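The values are calculated or read from the model by the stated rules, or taken from the named source; none is laboratory data. Since the model is a prediction, treat every value here as computed from it, not as a measurement. Here the Cβ positions follow ideal geometry from the backbone for every residue, glycine too, while neighbour counts run over all protein chains shown. These accessible areas exclude ligands, DNA and RNA; they are computed on the full protein's heavy atoms, side chains included. Shrake-Rupley method; radii C 1.70, N 1.55, O 1.52, S 1.80 Å.
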Amino acid sequence: MPNSNTPLTAEKREKSMTPLNGKNTLTITDNRTGKQYEIPIEHDTIRAMDLRQIKVKDDDFGMMTYDPAFMNTAACKSKITFIDGDKGILRYRGYPIEQLAEKSNFLETAYLIIYGDLPARVQYEEWVNNVMMHTLIHENVKKFVDGFHYDAHPMGMLISSVAALSTFYTDAKNILDRDSRRLQIFRIVGKMPTLAAFAYRHSVGRPYVYPDNELSYAGNFLSMLFKMTELKYKVHPVLEHALDVLFILHADHEQNCSTSAMRNVGSSHVDPFAATAAAASALYGPLHGGANEAVLMMLDEIGTKNNVTAFIKLVKEGKERLMGFGHRVYKNYDPRAKVIKRLADEVFEVTGRNPKVDIALELERIALEDEYFIKRKLYPNVDFYSGLIYQAMGFPVEMFPVLFAIGRTPGWVAQWDEMLLDPEQKIARPRQLYLGHDIREYVMMGKREEPKKVKPEA
Ligand code: CMC
C-alpha cells in the first residue's frame, strides 16, 4: 500500500506490477554483516515483517521499523476512502467528495461508505427505514444523561452515553455474526444524533425532544435540538441541507486518529459501542475534531481584523498555532474546506453574516501569502470555516466536535466492519524500542536515596 501522499491509481497499480527490469523486489544490504536480502514489493510497499529476517546473530529479534505517529506505515488495506494529499483529492468508494456533497445526501453517502456502492431505490429506502427506526434510545439512557453535571461538555456526555449503550445491547458482542454487525450499525448511526441532542438539551436545561422520523436525518436532529413548544418543528431547508452536507464532508477520512482508534480498539473484538466511544474520545482532542471549537476560540482571542497581523507574528514565533490550518495528509488544499466555504455563504444568507468571518478571511489571506505557511504547505482545513457555519446556525462551540462525531460515525463503523472481515488483521499491538534501564535489583524503601529538594518555579 502506498502512503496517503502517493495515490494508488489503477494506472499506477498496473505499473508497480510490471516493473521496468521485470523485478518487483527491494534488495537490502546489511552493512553490519554484509548480507543481502531480497524483499518483495506489493503496491509500492514492503511488509514490515519481511525485515525481521535481518539479523546480526541468529538469536537477535530481527530488524523493525521505527515510525512514531505512523507517518509512513500502512496499517491496513482498505477500499473505502481514497485521499491524494498533494492534489487535494478525497473520494468515498471512488466518488469525488464534491459530487457527493452536491448530489447525494448523508444517509445515501453513509450507505455507500458502509456497503461499498450507491444504493438502488429499494435498498436506499430499506436502509433509511432501518436507521430511522433505531433513533429512539432506552428511557434509562435518558436518566443516565440526567446524571451529568449541568455544565458537562456534550462531547464527554456523548462519549460516555455511546459507551453505555454497550450495556443495553449485549447482543452487540457477537461481532463475528454478520446480521448482528448490521443491526449494531443501524443502531449506532441511528442513535448518535439522539444521544448528541439529549446531551445538548441537558446542558441548556431543556426537556428532551424525541425523534421525529417523518423528518430527514439532519432535519430530525435539528428538531431534537431546537424544538420548543410547537407541535411540529419546522425545519429550515437551507440549514437542513447545510448540516446534511457538513455530515457528508466528515463521513470518512481513511486512517485518521479516531478511525485508527476504532480499528485498534475494535481489533480486540470488543463490541462496536465501546469501540465507537474510543473513536469519539480520539476525535475530542483539539488536534483532531476539537479543532473547529479551537478555531472559534482563536477568532475570539484575536478579536478584530486589525489584530490579525500581530497574531500571525506570534504563530510564526511558535507562540501560537493557527487552528484550522494544516493537515497531516493534505499538503495542497483540503477539498472539504472549498465546499464548506461555498456553503458558508448560503447559510449566512439565512442567518446573517457571522462577524468573525472577516477575521477568518483576513487570517486566510495573510497566511496564504506568507512564506512561513507556504513553505510548510499549510492551508485551511475542514475545520477553518465549519465552526463559523455551526455558530451562525445557533450551535454552541461545545457542540462542534459532537457534530463532527455524528458525521464521522458511518466511516467508523464501515472501517470497523472492514477490519473484522480482513483475514490479515489481528489484535493491534505495536512494537516499541525499549530505551529504559537494564535489569536492576529491588531496593528496600529505607535504603533508597532521598529526592533532592527542588525550588518551586517562580
Ligand atoms: N499553525 C502554525 N504552524 C503549524 C501549523 C499550524 N496550524 N500546523 C503545522 N505547523 C508547522 C509546525 O510547527 C511545523 O513547523 P516546523 O517544521 O518549523 O517545526 C510544520 O508546520 C509541520 O507541522 P507538524 O506539526 O509536523 O504537522 P503534522 O502533520 O504533525 O500536524 C496538524 C498536522 C493538523 C496536527 C497540524 O497542522 C495542526 O496542529 N493544525 C492545527 C489543528 C487543526 O486545525 N486540526 C484539524 C485537522 S483537520 C480535521 C481532522 O481531520 O481532524
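Which whole-number value in Å³ per residue fits the convex hull of the alpha carbons of region 308-458?
281
Would you please put 61-73, 289-301 in order of how densely packed they are, using the mean number of other Cβ atoms within 10 angstrom per residue and starting with the highest?
289-301, 61-73
Rg and Dmax of region 136-210, using alpha carbons, in Å: what are they?
For region 136-210, the Cα-based Rg and Dmax read 13.0, 41 Å.
How big is the Cα convex hull of region 268-382 in projection, averaged over all directions, in nm²?
Values: hull surface 36.8 nm².
Spelled out: convex hull of the Cα atoms, projected over all directions, averaged, 9.2 nm².
Under the rule of -39500 (n - 2.57) per DSSP H run of 4 or more residues, summed and divided by the residues of the chain, what mean residue ellipticity at 222 nm is obtained, to the nearest 500 deg cm²/dmol?
Values: 18 runs with 224 residues, N = 458.
Mean residue ellipticity, 222 nm, calculated: -15500 deg cm²/dmol.
Take region 101-427, drop everything but the C-alpha atoms, weight them equally and run the Debye formula without solvent; then report log10 I(q)/I(0) at 0.09 Å⁻¹ to two decimals.
Reported log10 I(q)/I(0), two decimals: -0.47.
Hey, what angle do you get for helix 121-133 against the long axis of the chain, alpha-carbon based, 0 to 90 degrees rounded to 10?
80
How far apart, in nanometres, would the label points at Asn21 and Lys319 be if each is projected 7 angstrom from Cα along the Cα-to-Cβ direction?
Reported label-point gap for Asn21 and Lys319 is 5.5 nm.
Among Asp151, Asp59, what's the order by accessible area (1.4 angstrom probe), most exposed first?
Final ranking, largest accessible area leading: Asp59, Asp151.
At 7 Å along Cα-to-Cβ for each site, give me the label-to-label distance between Lys455 and Lys79 in nm.
6.7
Treating each Cα of region 126-271 as an identical point scatterer and ignoring solvent, apply the Debye formula and state log10 I(q)/I(0) at q = 0.13, 0.14, 0.21 Å⁻¹.
Listed by q, the Debye log ratios stand at -0.64, -0.75, -1.51.
Provide the solvent-accessible area of Lys313, counting protein heavy atoms only and rolling a 1.4 Å probe, rounded to the nearest 10 Å².
120
Mind grabbing the accessible area of Tyr111 for me, 1.4 Å probe, Å², rounded to tens?
20
Find, to one decimal place in angstroms, the Kirkwood hydrodynamic radius of region 285-348, where the mean of 1/r is taken over every pair of different Cα atoms and then inverted.
13.3
What does the convex hull of the alpha-carbon atoms of region 213-279 project to on average, in nm²?
6.0
Hey, what's the chain come to in accessible area per residue, 1.4 Å probe, Å²?
Here the residues of the chain average 54 Å² of exposed surface.
Percent of accessible area on region 269-342 owned by carbon and sulfur, 1.4 Å probe? Let's see the in-between values first.
On the way: 1760 of 3290 Å².
Roughly 54 percent of what the probe reaches on region 269-342 is carbon or sulfur.
By how many degrees, 0 to 90 and rounded to 10, does the Cα axis of helix 257-266 deviate from the longest principal axis of the chain?
Approximately 80 degrees, to the nearest ten.
Quick check: with the 1.4 Å probe, what order do Thr309, Thr409 take by accessible area, largest first? Kindly include the intermediate steps, with their values, before the conclusion.
On the way: Thr309 90, Thr409 0 Å².
Correct descending sequence by accessible area is Thr309, Thr409.
Return one quarter of the surface area of the convex hull spanned by the alpha-carbon atoms of region 166-243, equal to its mean projected area, in nm². Let's see the in-between values first.
Values: hull surface 25.8 nm².
Mean shadow area of the hull around the Cα atoms is 6.4 nm².
Obtain the radius of gyration and the Kirkwood radius of region 409-458 from its C-alpha atoms and give Rg over Rh.
Answer for region 409-458: 1.37.
Could you give the nm distance between label points at Val56 and Met444, where each point is 7 Å from its Cα heading toward the beta carbon?
Taking the simple label geometry, Val56 and Met444 are separated by 4.0 nm.
Give me the base-10 log of I(q)/I(0) for region 42-148 at each q in 0.09, 0.15, 0.18 Å⁻¹, Debye formula, one uniform scatterer per Cα, rounded to two decimals.
-0.52, -0.87, -0.98
With all protein chains present and a 1.4 Å probe, how do Arg201, Arg353 order by accessible area, largest first? Write down the numbers at each step before the final one.
Details: Arg201 5, Arg353 130 Å².
Descending accessible area places them as Arg353, Arg201.
As an exercise, use a Förster radius of 25 Å and the Cβ-Cβ distance of Lys375 and Asn307 to find the FRET efficiency, rounded to the nearest 0.05.
0.55
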